[in-house]
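Have a look at the structure below, then the notes.
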Amino acid sequence: MARHHPAAADPALRRVAWRDLVTMRPRDGVVECLHPLPWLALSLTLAQFGLWLLAVPATFMFFLTALRLNHEAIHHNLGFGPRGHRRVLHGLSALMLGSNSSVAFNHLHHHAKIGTADDIEGKCGDMKLWQVLLYGPRFPVETHLYGWRHGGPQLRRRMAIDLALNALVIGAALASQWTPLLYHIAAMLAAQCFTAFFAVWITHHGCEDGLIARTQRGRLLNLVSYNMFFHLEHHLYPAVPVSRLPRLAARLDAAAPKLAARMRMVVPLPRS
């Protein structure tokens, strides 16, 4: 069922000041690009020493921060030019596996077609928990095929670059038999199977009654999740970088208290 955009129903949202939060300088984008690297280095180091129970959480944090960076590149929120954002997507494709050029196509399509039958990325938000977990391994396959079929020749060229980079990284892992890299490949394949749950379902499930996404309040949880749970705010104002969504959320709560009272939390904790 299609969801109505809250901005159409709540005139107060038009009074929210957000344009001053948009501008990013290239050096701001470079800082964003650095976020995943310590987690990647930590996960590989822990894997090298066989500390698997510690390596897995570090790998999870790498994937989370890489998703954030990927998300910013998709929306051109890093302060780079178009080519710079494409290069970030290609680099992340090598590190995360899969084609982030395809992810970009499907995510922008999700924003334009949210809640419709044509929303290939967001459809799992309407599933039950057990359904989305079973659907998870199919999700990256279906979205990649959708991008290849509908994105046109330019997207197919970019996807080909991404998948060639995938092949190089996997080939290097198999040729070297370096345990940390083999672990990283296996972990990224597993993470891709849970992307439907972590990147879509938890921020979109149960969002009827005119809402299009969930959000989160609580400083600690938003700190450890790198602000990725401010998803309603992102859908309302996608040009605002993730790092500035807490400021936007405070403005939104003040300008639209009726909407704030109806918001659904990703994790229903007391606000702070």
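The values are calculated or read from the model by the stated rules, or taken from the named source; none is laboratory data. A quick note: this is a predicted structure, and the numbers were derived from the prediction, not measured. Glycine also receives a Cβ, built like all others from the backbone with ideal geometry; neighbour counts cover every protein chain displayed.
Of all residues in the stretch 256-269, those that are at pLDDT 90 or above have Cβ atoms under 6 Å from Cβ atoms of residues that are part of a strand (DSSP E or B), 6 or more apart or on another chain, in MET263/THR215.
Among the residues of the stretch 235-255, those that are in contact (Cβ under 8 Å) with a residue 24 or more places away in the chain and within 17 Å of ILE202 (Cβ to Cβ) comprise HIS235, VAL242. Restricting GLY98, GLY29, GLY50 to residues that are outside any helix (DSSP H, G or I) and buried (at least 20 other Cβ atoms within 10 Å of the Cβ) narrows the list to GLY98.
Does ALA8 count as in a helix (DSSP H, G or I) and at pLDDT 95 or above?
The answer is no for ALA8.
Taken over the stretch 67-90, the residue count meeting the criterion of being touching a residue at least 40 places away in the same chain (Cβ under 8 Å) and either assigned to a helix (DSSP H, G or I) or of a type in the set (Gly, Ala, Ser) (or both) is 10. Within the stretch 242-261, can one find any residue that is part of a loop (DSSP other than H, G, I, E, B) and within 30 Å of GLY98 (Cα to Cα)? Within the stretch 242-261 (the criterion being part of a loop (DSSP other than H, G, I, E, B) and within 30 Å of GLY98 (Cα to Cα)), the answer is no, since none of the residues qualifies. Among the residues of the stretch 58-65, at least one is outside the structural domain of MET263 (by TED's automatic domain parsing), aliphatic (A, V, I, L, M), assigned to a helix (DSSP H, G or I) and within 16 Å of the chain's Cα centre (by Cα).
Given LEU168, LEU155, which one is within 22 Å of LEU92 (Cα to Cα), in contact (Cβ under 8 Å) with a residue 60 or more places away in the chain and either among the hydrophobic types (A, V, I, L, M, F, W, C) or out of contact with any helix residue (DSSP H, G or I) (no Cβ under 8 Å at 6 or more places or on another chain) (or both)? Don't jump to the end; show me each part of the working.
Numbers: LEU155 fails: in contact (Cβ under 8 Å) with a residue 60 or more places away in the chain.
Just a single option satisfies the conditions, and that option is LEU168.
Name every residue in the stretch 195-214 that is in a loop (DSSP other than H, G, I, E, B), out of contact with any strand residue (DSSP E or B) (no Cβ under 7 Å at 6 or more places or on another chain) and surrounded by 18 or more Cβ atoms within 10 Å (Cβ to Cβ), in order of residue number.
Residues of the stretch 195-214 in a loop (DSSP other than H, G, I, E, B): 205-214.
Subsequent filtering for residues that are out of contact with any strand residue (DSSP E or B) (no Cβ under 7 Å at 6 or more places or on another chain) retains 205-213.
If the condition is that a residue be in a loop (DSSP other than H, G, I, E, B), out of contact with any strand residue (DSSP E or B) (no Cβ under 7 Å at 6 or more places or on another chain) and surrounded by 18 or more Cβ atoms within 10 Å (Cβ to Cβ), then HIS205, CYS207, LEU211, ILE212, ALA213 are the ones that fit.
Against the numbered list (1) surrounded by 18 or more Cβ atoms within 10 Å (Cβ to Cβ); (2) closer than 26 Å to PRO180 by Cβ; (3) among the aliphatic types (A, V, I, L, M), MET24 comes up short only at (2).
Of all the listed residues (LEU221, LEU165), the sole one being outside the structural domain of LEU46 (by TED's automatic domain parsing), aliphatic (A, V, I, L, M) and not in a loop (DSSP other than H, G, I, E, B) is LEU221.
Only one residue in GLY122, GLY115, GLY136 is surrounded by 15 or more Cβ atoms within 10 Å (Cβ to Cβ), in contact with a Cys (Cβ under 9 Å, 6 or more places away or on another chain) and at pLDDT below 95, so which one is that?
The unique qualifying residue is GLY115.
Within the stretch 239-250, the set of residues being among the basic types (Lys, Arg) and surrounded by fewer than 18 Cβ atoms within 10 Å (Cβ to Cβ) comprises just one member, ARG247. Evaluate the following for LYS128: is it out of contact with any helix residue (DSSP H, G or I) (no Cβ under 8 Å at 6 or more places or on another chain) and surrounded by 15 or more Cβ atoms within 10 Å (Cβ to Cβ)? Judged against the criteria, LYS128 is not a match.
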